[in-house]
């Protein structure tokens, strides 16, 4: 039975616990909700003392800022006073609350500023004057139009690191084009690698380019800050294109074309360089993926299938031979898997140490004991959702792990608090509100 929505409090021992649902009107969580631990509080966070201004929208720049926030950076999230961040409009929602927003913008303080106005630009400059990093992902030229380009920010803070994420980068003939993750996937050539050989290019069901660029954006920020702090360098501009993030992942694709004229395209679920390797369906309708990428795994696979005879077959003598006959060798595995249930396949593969994985959906993830043992997900109290189970911080640091302190805040929740920290008094704040700047 699913858990109910009831608020959590901090008890006398300093631990989070759920209050009783006195009204009996709580909504339901996933059935496994209570099996995940509360996110722990950390005494030491590795990026404590770093200040970040998240001036981005939707996914890429906010995700980069969120990764820094996970490790203790003080992140101030800017949204437009009226329109808010576009991520709040994207599904899924619960009772009008964006669930995607809750994760991408966790651990941040939220303020509202109309950056397109002179007064709003002045507020952003005040923030930037005390910040280590500012991230944005508007179309190139937008921040300059508002008086918030890198030169403008450098004038108030020579040490500022400005991370700029856009579809095609700040330079080049495509720089002014609008760009999104799906488009970046296409132009990076990654989309052309996904799908069946005789079918159209496929796009993943998540904006992969935005997610990968979030990781590269956080990396760029940290590299630039390290250079400034350790090598005595200055602040700098970090220029990141969505398509370049994906293209960087395709390690062997450009060098293969340059050196041997190879143009990679779609292979469905098989590999061009390993066999057997594919996705196979069990007798009870489950899908697993497996790859025999080393001689020892191939040997263990044959023994798991009770097919030692394949080890003496010249057509399968080594990986190169198996790739040449990949349709045949994949069919052998496909037939064997198709005659057995998931439980039977798992038992045989586990007994023989074969590398494999079933194609999980999120229900499988929540039920998986390894996810739970690794604390890959944690529960976090939230004043809108009651609690939510979300991904824990990645990667795990042994001495200074990150933390999930809170989920994405309400629109403008910390506006006055942050402005007062910048030295704005009641009269100044009231004037900004009257002019719809904040």
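Nothing in this text is a laboratory measurement; each read-out follows from the coordinates by a stated rule. This one's a predicted model, so the numbers in the text were calculated from it and none came from an experiment. Glycine also receives a Cβ, built like all others from the backbone with ideal geometry; neighbour counts cover every protein chain displayed.
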- What percent do you get for the relative contact order of the range 205-337 when only Cα pairs under 8 Å and 6+ apart count? 18 percent
- Angle, helix 118-129 long axis vs. longest principal axis of the chain, Cα atoms, 0 to 90°, nearest 10? 70 degrees
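Please compute, over every Cα-Cα pair in the range 393-438, the percentage with a separation greater than 15 angstrom. Show your work: numbers first, answer last.
Working: 621 of 1035 pairs.
Taking all Cα-Cα pairs of the range 393-438, the fraction more than 15 Å apart is 60 percent.
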- Query: So what's the back-of-envelope 222 nm ellipticity for the chain, counting only DSSP H runs of four-plus at -39500 (n - 2.57) apiece and dividing by all residues, rounded to 500?
  - Reply: -10000 deg cm²/dmol
- Message: Can you tell me the convex hull volume per residue for the chain, based on C-alpha atoms, in Å³ to the nearest whole number?
- Response: 197 Å³
- Note on the structure: Nearest 10, in degrees from 0 to 90: the angle of helix 60-70 to the longest Cα principal axis of the chain is 80 degrees
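Order these by the 10 Å Cβ neighbour count, fewest first: 418, 53. Don't skip to the answer; put the middle values down first.
Details: 418 21, 53 25.
With the sparsest Cβ surroundings first, the list reads 418, 53.
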- What are the radius of gyration and Dmax of the range 43-124, computed over its Cα atoms and given in Å? 13.3, 40
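If you average 1/r across every pair of different Cα atoms in the range 312-408 and take the reciprocal, what Kirkwood value do you get, in Å? Each step should come with its number before you reach the end.
On the way: mean 1/r = 0.0567 Å⁻¹.
Over the range 312-408, the inverse of the mean reciprocal pair distance is 17.7 Å.
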- Message: If you average the C-alpha positions of the range 406-438 and of the range 234-259 separately, how far apart do those two centres end up, in angstrom?
- Response: 39 Å
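Considering the convex hull of the alpha carbon atoms of the range 40-197, report its projected area averaged over all viewing directions, in nm², one decimal. It would help to have the intermediate numbers written out before the result.
Details: hull surface 49.1 nm².
That works out to 12.3 nm², a quarter of the Cα hull's surface.
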- Query: If you build a Gaussian network model of the chain, linking Cα atoms that sit under 10 Å apart, which residue out of 242, 193, 134 swings the most?
  - Reply: 193
- Item | P(r), alpha carbons of the range 277-363 - 10 Å bins starting at zero, rounded % | 17, 55, 24, 3, 0
- What share of all Cα pairs of the range 358-438, in percent, falls into each consecutive 10 Å distance bin? 14, 29, 24, 18, 12, 4, 0
- Message: Under 10 Å, Cα contacts only: if you run a Gaussian network model on the chain, which one of 83, 226, 257 comes out with the highest mean-square fluctuation?
- Response: 257
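So what is the relative contact order of the chain, in percent, for Cα pairs below 8 Å that sit 6 or more residues apart?
Values: 802 pairs, mean separation 89.6, N = 438.
Once normalised by length, the contact order is 20 percent.
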- Query: Of all the Cα-Cα pairs you can form in the range 118-216, what percent are over 17 Å apart?
  - Reply: 59 percent
- Message: Regarding the range 184-256, what's the average projected area of the Cα-atom convex hull, expressed in nm²?
- Response: 6.1 nm²
- Task: Arrange the following residues from fewest to most other Cβ atoms within 10 Å of their Cβ: 294, 279.
- Result: 294, 279
- Rounded to the nearest 10 degrees, the helix 295-304 long axis (Cα) sits at an angle to the longest Cα principal axis of the chain of 70 degrees
